[in-house]
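S.K.: What follows is a single structure, and I will ask about it in a moment.
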Amino acid sequence: MRYQYHPLGFEGSRIAQGFWRLQEWNMTSADTLSFIEDCLDLGVTTFDHADIYGGYQCESLFGEALKQKPALRDKMEIVTKCGILLPSESRPDIQVHRYDYRAEHILASVDQSLANLQCEYIDTLLLHRPSPLMDADEIAQAFDLLFTLGKVKHFGVSNFTTRQFDLLQSRLDAPLIINQVELSPLALQHFEDGTLDHAQQHAVTPMAWSPFAGGDLFSGVSDKAKRVQAVLAEIAQEKNCTVDQAVIAWLLRHPAGICPVMGSGKIARLATAVEAMSIQLSDDDWFRVWIASQGQPVP
Ligand SMILES: NC(=O)c1ccc[n+]([C@@H]2O[C@H](COP(=O)([O-])OP(=O)(O)OC[C@H]3O[C@@H](n4cnc5c(N)ncnc54)[C@H](OP(=O)(O)O)[C@@H]3O)[C@@H](O)[C@H]2O)c1
């Protein structure tokens, strides 16, 4: 394979904007374009997609907006994903919600994503979720062809264990540069299962999906959510910041270099998150959140 080696992992913005919920935002194409421009103005240049978002509609909504100002394409990094088959109105051919990592599917999915996004290349393609049936050699062949054809510049994965990551990596000449996993004060699993240690060891960028636990950090009613909300509110008051800024600062404090993928379509929320890059949490504050989430002191 003839990839350019990227020893420092993913070269995108530290905070990314996700478009999973784009359809729910009920934006016109002009609104979406304006949102994209506002993101870029804030320095948020990395945009996270997947083929299946919005029942296979979100990439197209983004592409329709981008078509109005194609010059914006080279000012951003587009991440998109493939591999989940989701029965939906727009895909009546899909009968079973499952995964597909045959080379034929990966190649067809990328072609469809490029058509939807109305652009010539994808910056980073992620395999969306691991499949028991994935064949690393076949995936490597598909990646090689996509790179050679100039359709995809870099590759990564999402929701992969470190073992699954290493298996795929063992068949590739170039490094996988992203593992996108769920990380938030309410989702500590990947802080403890080796994912973030592995990311640091191999200079893989851990992207955090649902950094606000899908909104549960504000409105969740479980005992755990309430404990974490209370501590975050205290820290926000002490630091003279907002709760969302305390969450972003908490994620950024981790040495693995977590890149949060924001999920709101409200640009003010993104601006608030960007401001949080200058907030330093003490280790005491970091562990107060950790302990509240665990519901018990550290051993
Ligand atoms: N790889 C994967 O498997 C995977 C899975 C899920 C998501 N993702 C990616 O991660 C991105 C983010 O996920 P997400 O949307 O779940 O992120 P999130 O930021 O955890 O949740 C977004 C939700 O939180 C609410 N929210 C945000 N700020 C708030 C505030 N200050 N007060 C009250 N509510 C607030 C939003 O409401 P408003 O709309 O009102 O702002 C929205 O409903 C997605 O767009 C997608 O790109 C990837």
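The values are calculated or read from the model by the stated rules, or taken from the named source; none is laboratory data. This one's a predicted model, so the numbers in the text were calculated from it and none came from an experiment. Cβ placement follows ideal geometry from the backbone for every residue including glycine, while neighbour counts extend to all protein chains displayed. Keep in mind that these areas ignore ligands, DNA and RNA; they rest on the heavy atoms of the full protein, side chains included. Shrake-Rupley method; radii C 1.70, N 1.55, O 1.52, S 1.80 Å.
S.K.: Taking amide H positions as placed in the peptide plane 1.01 Å from N, state which residues far from residue 207 in sequence (5 or more) or on other chains have amide H under 5 Å from it.
M.R.: Sorted by chain and number, the residues that satisfy this are 179, 180, 181, 259.
S.K.: Give me the distance in nm between label points sitting 7 Å out from Cα along the Cα-to-Cβ direction at residue 75 and residue 193, one decimal.
M.R.: Modelled inter-label distance: 3.9 nm.
S.K.: Another one. Could you tally up the Lys pairs in the chain with alpha carbons closer than 30 Å? Skip any pair fewer than 8 positions apart unless they're on separate chains.
M.R.: Eligible lysine pairs with Cα atoms under 30 Å apart amount to 21.
S.K.: For segment 2-182, what proportion of DSSP beta bridges, expressed in % and rounded to the nearest 5, is antiparallel?
M.R.: For segment 2-182, the DSSP antiparallel bridge percentage is about 15.
S.K.: Over all Cα pairs of segment 2-182, how is the pair count split among 5 Å bins, expressed in % and running from 0 up to the last occupied bin?
M.R.: Calculated over all Cα pairs of segment 2-182, the distribution is 1, 8, 17, 22, 21, 16, 10, 4, 1 percent.
S.K.: Where the only charges are on Cβ atoms (+1 Lys, Arg; -1 Asp, Glu), what is the dipole of segment 2-182 about its Cα centre, to the nearest 20 debye?
M.R.: Using Cβ point charges on Lys, Arg, Asp and Glu, segment 2-182 gives about 180 debye.
S.K.: For segment 2-182, with every protein chain kept in place, what is the accessible area per residue (1.4 Å probe, Å²)?
M.R.: Dividing the accessible area of segment 2-182 by its residue count gives 46 Å².
S.K.: Please list 100-108, 278-286 highest first by mean number of surrounding beta-carbon atoms within 10 Å per residue.
M.R.: 100-108, 278-286
S.K.: Next question, about the same structure. Between residue 234 and residue 269, what is the FRET efficiency for a Förster distance of 22 Å, r being their Cβ-Cβ separation, to the nearest 0.05?
M.R.: Once rounded, the FRET efficiency stands at 0.55.
S.K.: Enumerate the amide H contacts of residue 262 below 5 Å, restricted to partners 5 or more residues apart or on another chain; note that Pro and chain-start residues carry no placed amide H.
M.R.: 16, 17, 18
S.K.: Can you list the residues of segment 107-135 with backbone N under 19 Å from a point 7 Å past the Cα of residue 23, pointing along Cα to Cβ?
M.R.: Within reach of a label on residue 23, which here means backbone N under 19 Å from a point 7 Å along Cα→Cβ, segment 107-135 contributes 109-110, 112-118, 128-129.
S.K.: May I ask you to give the percent of accessible area on the chain that is carbon plus sulfur, with a probe radius of 1.4 Å?
M.R.: So the carbon and sulfur contribution to the accessible surface is 50 percent.
S.K.: Could you order peptides 42-50, 88-96 by the average number of other Cβ atoms within 10 Å of their residues, highest first? Mind dumping the intermediate values first?
M.R.: Details: 42-50: 21.7, 88-96: 10.6.
My ranking of the peptides, most packed first, is 42-50, 88-96.
S.K.: Right, here's the next one. How high is the relative contact order of segment 1-151, in percent, counting Cα pairs under 8 Å that sit 6 or more residues apart?
M.R.: 23 percent
S.K.: Another one. Each residue of segment 14-19 in turn: what ³J(HN,Hα) in whole Hz from Karplus with 6.51, -1.76, 1.60 and θ = phi - 60°, glycine and Pro shown as x?
M.R.: 5, 10, 10, 10, x, 10
S.K.: Can you quote the Å³ per residue value for the convex hull of the Cα atoms in segment 128-207, rounded to an integer?
M.R.: Hull volume over Cα atoms, normalised by residue count, gives 93 Å³.
S.K.: Using only the alpha carbons, work out the radius of gyration and Dmax of segment 170-299 in angstrom.
M.R.: When restricted to the Cα atoms of segment 170-299, Rg and Dmax are 14.9, 49 Å.
S.K.: Still on this structure: State the extension gain, in nm to one decimal, for the chain segment bounded by residue 222 and residue 88, taking 0.36 nm per residue of separation less the distance between their alpha-carbons.
M.R.: The span from residue 222 to residue 88 would gain 45.1 nm if fully extended.
S.K.: Are there DSSP H segments in the chain that both extend 15 Å or more along their axis (alpha-carbon positions) and score a mean Kyte-Doolittle hydropathy of at least -1.0? List them, or say none.
M.R.: For the chain, where a helix must reach 15 Å along its axis and average at least -1.0, the hits are 29-41, 103-117, 136-148, 223-239, 283-294.
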